[in-house]
Amino acid sequence: MAELGSYCVINIDTRVVEFNGSTIILRPKTFELLVLLAKTPGKVISKAQILESVWQDSVVEEQVIFQSINEIRKEFDSSKIIKTFPKKGYAWHEPNTSIISEQFVAKPKDSKNSTVYFSNSSSVIVLVVITLLVTSFYLLHDVPKPVQNLRVTTTEIQTERAVQSITENHEGVLILPFNVSLLQDSEKWLRYGAMQGVIDQIQPVQGITLFQLEDVLEIVNRLSIDERSDISNLFDKSGASIILETKISGVPGDYNIVFSVYTPRSVDTKSLNVKDMNEGINLLAQEFNKATSPMTSISTESMNSKLRDSLIAEAIRLLEENDRESALAFLESAVASDKANLYASYLYSKVALNLGKVDLALESSSSALAHVQGGDKAKYHNRLLFVFATASFIQKNYDIAEQSLQKAALESEMSKDWLYFSYTHSMLGKLHQYRSNYDDAKDYFDSALKYQELLKCPMGVAQTNLDLAEFYIVQDKIELAKSSIEISESLIEEHNLTDAKSDLSAIKSKLK
């Protein structure tokens, strides 16, 4: 419920909202949603009604409602201003609300019900304040805003005129919904969720207008399905001068983000590797903030960096298409351009290992580990150790493999890289299984499975169950092996885990 003595005045002409002495200006569609809810405080408005009323001319998903609701709550600094009724809709919870016309400005009377208020008997002080706000707002009305919302006091609005002197030659920035087609269904919300996360973190820059989520969807809806594949059409339809296109792939604990920054005359493609999407959103926002900052000069180092980033991004694209041989060639060039880049070296070593090129994986991971200065446990150091240890295990250098796996496990735990913590425990399980230390092996496999389940990674859980199945077969515990195979097979079918199908067939053949 609203706090005692609180009030809200919504001016439908100026689109200015006064709430307990503060002034709030919302984006057009968000304002329309606010008015729709505020007209009938306490009444539940369904999502279908909201879409039909506010977004009647657009084809959008329910996510836009959620974003606008959160925006209102944030601007009003109250999660209780709008109440959510699961599977029913939303209701406005500020009973002392007035919806007014510009020519009649009044602070609402104390009452339990909202009224559409048209009265000339308003407080002189409130009238002066609102008049100042309206005047200031109109002076700024034609100026593009580089931030998604504006929440200011009267004094701030009066001084904003000097700050917001943006010329007509401003740039429009458009962030497209993220491509999440390669993620599992439970992560598809990142298409708009991650997009909004980046929008929220873009720093205001004078001369730049940032399109909001609903604006982007309206622009995209102007294009046919065929037209959307050509970025130039988006420039034409939106008037934007910078467009960000992003694709996410990978599994929990190991996400790849490939993003391209387009201008009408150029494209700059880079990649990021992160353990979780919060980290990814932060890094992506930082990179995009750099892209929208004025460039003073282009150094040789920056040119080399752009080349390396492009090579890695292309390699990731090829890996997504399961073309590992071609990806390896691009990664080899990326490593050659910067031997100290642990990420490029890690990917190169990992792909070589997956292709069965064990000598190459061993050599490249060993060389990369030698570039870590002064014992610094840099990012990807633990993953390089894992690749090195796995290659050593395959070549039957078991003592070296165990020593490296223990180091990799410790570093993974310290850096909270739980995916590779799980991987190292699986490999330690296999090592102890080979040595017939079955109790130790079972502990490591159980630990690996526990962390894969915490990460909710279908591929990891399926693969660890296959490891357990093989472990049980070695001990002639057939029923336990069949149970683990059944769990793995179910996950592989449900999530279409193509890469695990050959392993599944190999393990099942050992039962015969």
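Quick note: the coordinates plus some simple rules give every number you see, no bench work behind them. As the structure is a prediction and not an experimental result, all values here were calculated from the model. Note that we place each Cβ from the backbone using ideal geometry, even for glycine, and neighbour counts take in every protein chain shown.
Which far-off residues, 5 or more places away or on another chain, put their amide H under 5 Å from the one on V16, with H placed in the peptide plane?
Under 5 Å from the amide H of V16 lie the amide H atoms of N11, each far enough along the sequence or on another chain.
Does anything in segment 443-487 have its amide N under 14 Å from the 7 Å Cα→Cβ label point of N437, and if so which residues?
Zone members listed by number: 443-445.
When only C-alpha pairs under 8 Å and at least 6 residues apart count, what is the relative contact order of segment 306-456, in percent? Please list the in-between numbers first.
On the way: 189 pairs, mean separation 20.6, N = 151.
Here the relative contact order equals 14 percent.
How big is the gap, in Å, between the Cα center of segment 408-451 and the Cα center of segment 319-342?
Their Cα centres are 28 Å away from one another.
Using bins 5 angstrom wide from zero, how does P(r) for segment 425-512 break down, in % of all Cα pairs?
Here the calculated profile for segment 425-512 is 3, 17, 26, 26, 20, 7, 1.
How much net charge surrounds I50 when only other residues with a Cβ under 11 Å from its Cβ are counted (Lys, Arg +1; Asp, Glu -1)? Could you put the intermediate results ahead of the total?
Values: positive: K29, K47; negative: E32, E52, E62.
So the environment of I50 carries a net charge of -1.
How many Å³ per residue does the convex hull of the Cα positions in segment 20-94 occupy? Show your work: numbers first, answer last.
On the way: hull volume 6.3 nm³, N = 75.
It is 85 Å³ per residue.
Quick one: which of 237-246, 379-388, 74-83 comes out on top by average Cβ neighbours within 10 Å, and what's the full order, highest first?
Working: 237-246: 20.0, 379-388: 25.0, 74-83: 16.8.
My ranking of the peptides, most packed first, is 379-388, 237-246, 74-83.
In the structure shown, do any of K270/K357; K350/K456; K80/K416; K188/K350; K74/K416; K47/K275 have a Cα-Cα gap over 25 Å, and if so which? Walk me through the intermediate numbers first.
Numbers: K270/K357 27 Å; K350/K456 22 Å; K80/K416 35 Å; K188/K350 27 Å; K74/K416 31 Å; K47/K275 34 Å.
Distance filter (> 25 Å) returns K270/K357; K80/K416; K188/K350; K74/K416; K47/K275.
Please list, in chain and number order, the residues 5+ apart from G172 or on another chain whose amide H is under 5 Å from its amide H, with Hs placed from the backbone.
Those qualifying (amide H under 5 Å, at least 5 residues apart or on another chain) are T209, S241, I242.
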